[in-house]
Amino acid sequence: VQLVESGGGLVQAGGSLRLSCAASGSTFSINAMGWYRQAPGKQRELVAAITSDVLRTTYADSVTGRFTIFRDNAKNQMYLQMHSLNPAATAVYCCTADLTSEGLGIVDREWGQGTQVPVSS
């Protein structure tokens, strides 16, 4: 499975941005997906995650109510809609896909290369 993010770029504080993650390859093996971010000088953190059946989502406290994660399994795409961005959201955002193998469950996690989101004050 390969993951490619897009949609990053400079945005002003208070603005909105939608990130996309396109999956290719053995997409049938993808289970849950998520978005992580790493700000300069900080540890990587989970931003949001979504189950394969899209029924459950998880968000970091810092983004709850402002970010929305969703996916289109038919198109092998996942998205992160971000509103009310502030400079603290400046980071490299990476999408992830948990990969399954028949009879074994989750066997690996694939990462995208990341997309930069600088938020200016």
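Here are some residues: SER16, SER101. Which one is of a type in the set (Ser, Thr, Tyr), in contact with a strand residue (DSSP E or B) (Cβ under 8 Å, 6 or more places away or on another chain) and under 17 Å from SER120 (Cα atoms)?
After applying the criteria, what remains is SER16.
Just the residues that are open to solvent by 20 Å² or more (accessible area, probe 1.4 Å) and among the polar types (S, T, N, Q), please, taken from the stretch 24-43.
Correct list: SER24, SER26, THR27, ASN31, GLN38, GLN43.
Has the stretch 76-93 got any residue that is under 20 Å from SER6 (Cα atoms), open to solvent by less than 30 Å² (accessible area, probe 1.4 Å) and β-branched (Val, Ile, Thr)?
Checked the stretch 76-93: no residue is under 20 Å from SER6 (Cα atoms), open to solvent by less than 30 Å² (accessible area, probe 1.4 Å) and β-branched (Val, Ile, Thr).
Among the residues of the stretch 54-64 satisfying the criterion of being open to solvent by less than 80 Å² (accessible area, probe 1.4 Å) and modelled with pLDDT of 95 or more, which is farthest from LEU80 (Cα to Cα)?
SER62
Tell me which of these PRO40 doesn't satisfy, since it passes every other one: (1) under 14 Å from ALA91 (Cα atoms); (2) modelled with pLDDT of 95 or more; (3) in contact with a strand residue (DSSP E or B) (Cβ under 9 Å, 6 or more places away or on another chain).
Result: PRO40 passes all but (2).
Considering only the stretch 67-114, state which residues are at pLDDT 95 or above, of a type in the set (Ser, Thr, Tyr) and assigned to a strand (DSSP E or B).
Within the stretch 67-114, THR68, TYR79, TYR93, THR96 meet the criteria.
The values are calculated or read from the model by the stated rules, or taken from the named source; none is laboratory data. Because the structure is a prediction, the values reported are computed rather than measured. Note: ideal-geometry Cβ built from the backbone for every residue, glycine included; neighbour counts use all protein chains shown. Remember, those area values only see protein heavy atoms, side chains included, never the ligands or the DNA or RNA. Shrake-Rupley method; radii C 1.70, N 1.55, O 1.52, S 1.80 Å.
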